[in-house]
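Worksheet for the structure shown next.
The values are calculated or read from the model by the stated rules, or taken from the named source; none is laboratory data. Keep in mind that this is a model prediction, so the values were computed, not measured. Note that each Cβ is placed from the backbone with ideal geometry, even for glycine, and that neighbours are counted across all protein chains shown. Each accessible area value is taken on the protein alone, full model and side chains, heavy atoms only, with ligands, DNA and RNA left out. Shrake-Rupley method; radii C 1.70, N 1.55, O 1.52, S 1.80 Å.
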Amino acid sequence: MDLWVSSSTRFMNENPSQPSHTFLRATSAHSLRNPVFQFKHKHRPFSSLKLPSPSRQIHLLQPHPFPRNPGHFAISASPSSSSSSSVALGNEKDRLPADIEVKETEEPNCRVRLSVGVPQAVCEDCYKRVINEFMKQAKVPGFRPGKNVPESILLSHVGKKNVQKATVESILKRTLPHAMASVTGKALRDSVRIVTKFSDMEQTYSSLNTLRYDVIVDVAPQVKWNPENGYKNLKVVVEIDSDIDAQRASELELRRRHKSLGLLRIVTDRGLQIGDVAVLDISATTIDQDELNVVELPSAESKGFHFDTEDGDKVIPGFIDSIIGIRPGETKSFPLVFPESWKQENLRGVHAQFTVECKELFYRDLPELDDSLAVRLLPGCTTLKQVKELLLQRYLEVEETAREQATDNAILDQLQKMVEVEIPQSLFEEQGRQFYGAKLLEIQANVKLNEQQLASLSSPKAVDEYLESQKENILNVIKQNLAVGDIYKRENLQFSTDDLVKEVENSIAEFKRQKQEYDEERVREQVQEILEGAKVLEWLREHAEIQYINR
């Protein structure tokens, strides 16, 4: 126990929340955290638009809200249909013998409904093509392959119902690109859905020899700035954690490394002092105000916990003061209140009664901190001064990175508050699934899941619950991405082709090193998005009025 550390065109009745198992190659139960310890850390948004290092994997990057390949669609048979075939539709349109009728209706949330009417001439032409194709492929007894077969005999052999289904699919394949012409360049990737039931289309075709169907497609949202061009005059206040101090961090790191070279020796003749390490059994209870009885707090309990008193600033306030002086074999009981800022919401403000038994007590026997320890403290160093300088240099870089990250976060937060935009459901779901997939990859990288756990985490219910619980965060990130994309176009920003080529090569090399599958075109698109975002943030930092304050 870790203690004390605080696509495709689809029919509407298909389940859109079913996650892909491909992003579950690698998923981990969230490590249990004991609430008495709570390490302070920077809260970062779901995504960063900073330029990734070469080792960063592209599957964790943000999806771009606009389609790079508009016009590429696919038709899949509805699960309720007995047909299991599917056909991909490219950008090229097949010439039709007659014009189709398309009525376009705008709907809420950047959605467009296309009502398509296919005339008899087109349906008959599709029927002839299907018959000819069956004639080429069907092996009809008594006829040589590829030879003309009387239509009545062919229908009897293949089945009239199968020919009818194939004809409807042919009509959809040939007419959908024409129907989509008015939204080409605006339609979001994988958002096209045929909402008319396949069985209804079959019935219409069978009885009237014509076809009518409705298509719903999400289109790229239009960003509205309030105030107009407000991003050009950003005034940003950036809060910097007081913990982000390179000098202090480097000193703590030196202390940690020095401590690792020491020995723990048993204490028997005195009580606990700062600098000691104690082995503690800890339990906690509280009073149930409704039933007026004592209840245990299992999340605050620990057996055989090794507590370093130099980590006293990371525990619940008052804990270390309450156990100073405790001796091996001694038990102390004391009340404490979890602060309102505590990480675990269910413990905030809780009045707890702690009982702590000291099982063992140790002090550190440390070697003298001098030049003789330099190489052990930091390989390659020969003096203590050199160790201190290199550690400080490292933490100055960390401090600068944290400062830049905090600045970017503050800017992005400002942007999403300044834009008014409708978010299409397909864009919300795509973004949310990418977050969920990245989360599961991170989990599975730490803990190997069995098939049952994997199935549970990848179920539609689990995905839907995640999308609902993280809805606000997901929407905010989408608004940030849309705002950044709009600024990139408005300000005519550009990045070098060399940067794009280099980052694509690095990312593909990382996929190969990890032995993971990848789509080179998608990798290129996502790298381009990252570079665009980095260029926009660079531009905003140069033009914004930024004030830094310590938190």
Out of all the residues in region 173-188, is one or more more than 38 Å from the chain's Cα centre (by Cα) and either in a loop (DSSP other than H, G, I, E, B) or of a type outside the set (Asp, Glu) (or both)? no
Checking the condition within 27 Å of Gly262 (Cα to Cα) and modelled with pLDDT under 90, which residue from Lys314, Lys385 passes? Lys314
Give the residue, chosen from Leu114, Leu89, Leu155, that is of a type in the set (A, V, I, L, M) and either at pLDDT below 85 or out of contact with any helix residue (DSSP H, G or I) (no Cβ under 8 Å at 6 or more places or on another chain) (or both). Leu89
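This table checks each residue for (1) under 24 Å from Glu368 (Cβ atoms); (2) open to solvent by 20 Å² or more (accessible area, probe 1.4 Å); (3) assigned to a helix (DSSP H, G or I).
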{"position": "Ile244", "(1), (2), (3)": "no, yes, no"}
{"position": "Ser250", "(1), (2), (3)": "yes, no, yes"}
{"position": "Arg255", "(1), (2), (3)": "yes, yes, yes"}
{"position": "Arg265", "(1), (2), (3)": "yes, yes, no"}
{"position": "Val295", "(1), (2), (3)": "no, yes, no"}
Qualifying positions in region 199-210 - crowded, with 16+ Cβ neighbours inside 10 Å, out of contact with any Gly (no Cβ under 8 Å at 6 or more places or on another chain) and under 20 Å from Val102 (Cβ atoms): Met201, Thr204, Tyr205
Of all residues in region 399-438, count the ones that are over 30 Å from Pro227 (Cβ atoms) and polar (S, T, N, Q). 2
Do we find that Glu404 is at pLDDT below 95, on the phi < 0 side of the Ramachandran plot and surrounded by fewer than 16 Cβ atoms within 10 Å (Cβ to Cβ) in this structure? yes
Would you check if Val477 is closer than 20 Å to Ile423 by Cβ, among the β-branched types (Val, Ile, Thr) and at pLDDT 90 or above? yes
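Quick grid of which residues meet (1) modelled with pLDDT of 90 or more; (2) of a type outside the set (A, V, I, L, M):
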| position | (1), (2) |
| --- | --- |
| Glu291 | no, yes |
| Gly304 | yes, yes |
| Ile320 | yes, no |
| Gly325 | yes, yes |
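Yes or no, residue by residue, for (1) at pLDDT 90 or above; (2) open to solvent by less than 20 Å² (accessible area, probe 1.4 Å):
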| position | (1), (2) |
| --- | --- |
| Gln431 | yes, yes |
| Leu440 | no, yes |
| Gln453 | no, no |
| Pro460 | yes, no |
With respect to Arg376, is the statement that it is under 16 Å from Val236 (Cα atoms) and open to solvent by 70 Å² or more (accessible area, probe 1.4 Å) true? no
Restricting the first residue to region 161-181 and requiring it to be more than 19 Å from Lys93 (Cβ to Cβ) and open to solvent by 10 Å² or more (accessible area, probe 1.4 Å), which pairs with a second residue that is assigned to a helix (DSSP H, G or I) and hydroxyl-bearing (Ser, Thr, Tyr) meet a Cβ separation below 7 Å and a spacing of at least six or different chains? Gln164/Tyr205; Gln164/Ser206
Mind checking whether some residue in region 222-235 is under 30 Å from Val118 (Cα atoms) and not in a strand (DSSP E or B)? no
Mind checking which pairs have a first residue in region 493-510 that is at positive phi and a second that is modelled with pLDDT of 95 or more, Cβ under 7 Å, 6 or more apart or different chains? none
If Ala278 satisfies every condition in (1) over 30 Å from Asp408 (Cβ atoms); (2) among the small types (Gly, Ala, Ser); (3) modelled with pLDDT under 90; (4) open to solvent by less than 10 Å² (accessible area, probe 1.4 Å) but one, which is the exception? (3)
Turns out the helices (runs of 4 or more DSSP H) fully within region 314-425 with at least 2 residues that are touching a Lys or Arg at 6+ places or on another chain (Cβ under 7 Å) are 319-323, 384-418
Test set (1) open to solvent by 20 Å² or more (accessible area, probe 1.4 Å); (2) over 41 Å from the mean Cα position of the chain (by Cα) - Glu420 fails condition number: (2)
